[in-house]
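Worksheet for the structure shown next.
The values are calculated or read from the model by the stated rules, or taken from the named source; none is laboratory data. What you see is a predicted model; the values in this text were computed from it and never measured. Cβ placement follows ideal geometry from the backbone for every residue including glycine, while neighbour counts extend to all protein chains displayed.
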Amino acid sequence: MRLSDLSMGDSAVITDITGLPMEQRKRLVALGLLPNTPIQLIRRAPFGDPLQVRLRGCDLAIQKKIASGIEVTLK
């Protein structure tokens, strides 16, 4: 399942970051999006992009196309 597929309020665990250029993967890792990290989808913008996610006590806005490259497993 992809992060972009979650419904609002769903909690999941990041399993892998694939399908993204190396620069984007490095930036996501620097922001704390690592495998085995719990993540929650807080809300979507009115037109569905970007997504607001919460991980490690911080909220981030992530573009939907980037979120589709983050694989997760529901908690």
request  = Please find, among Met22, Met1, the residue that is out of contact with any strand residue (DSSP E or B) (no Cβ under 7 Å at 6 or more places or on another chain) and at pLDDT below 95.
outcome  = Met22
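Considering only residues that are among the hydroxyl-bearing types (Ser, Thr, Tyr) and part of a strand (DSSP E or B), which ones fall in region 1-54?
If the condition is that a residue be among the hydroxyl-bearing types (Ser, Thr, Tyr) and part of a strand (DSSP E or B), then Ser11, Thr15 are the ones that fit.
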ask   = So, in region 1-42, of the ones that are exposed (fewer than 13 other Cβ atoms within 10 Å of the Cβ) and of a type in the set (Val, Ile, Thr), which residue ends up farthest from Val72 (Cα to Cα)?
value = Val29
Condition met for Asp49 (within 11 Å of the chain's Cα centre (by Cα), surrounded by fewer than 16 Cβ atoms within 10 Å (Cβ to Cβ) and acidic (Asp, Glu)) = no
task = May I ask you to verify whether Arg54 is surrounded by fewer than 16 Cβ atoms within 10 Å (Cβ to Cβ) and touching a residue at least 24 places away in the same chain (Cβ under 8 Å)?
result = no
inquiry  = Looking only at residues that are modelled with pLDDT of 90 or more, out of contact with any helix residue (DSSP H, G or I) (no Cβ under 8 Å at 6 or more places or on another chain) and part of a loop (DSSP other than H, G, I, E, B) in region 57-75, which one is surrounded by the most Cβ atoms within 10 Å (Cβ to Cβ)?
reply    = Gln63
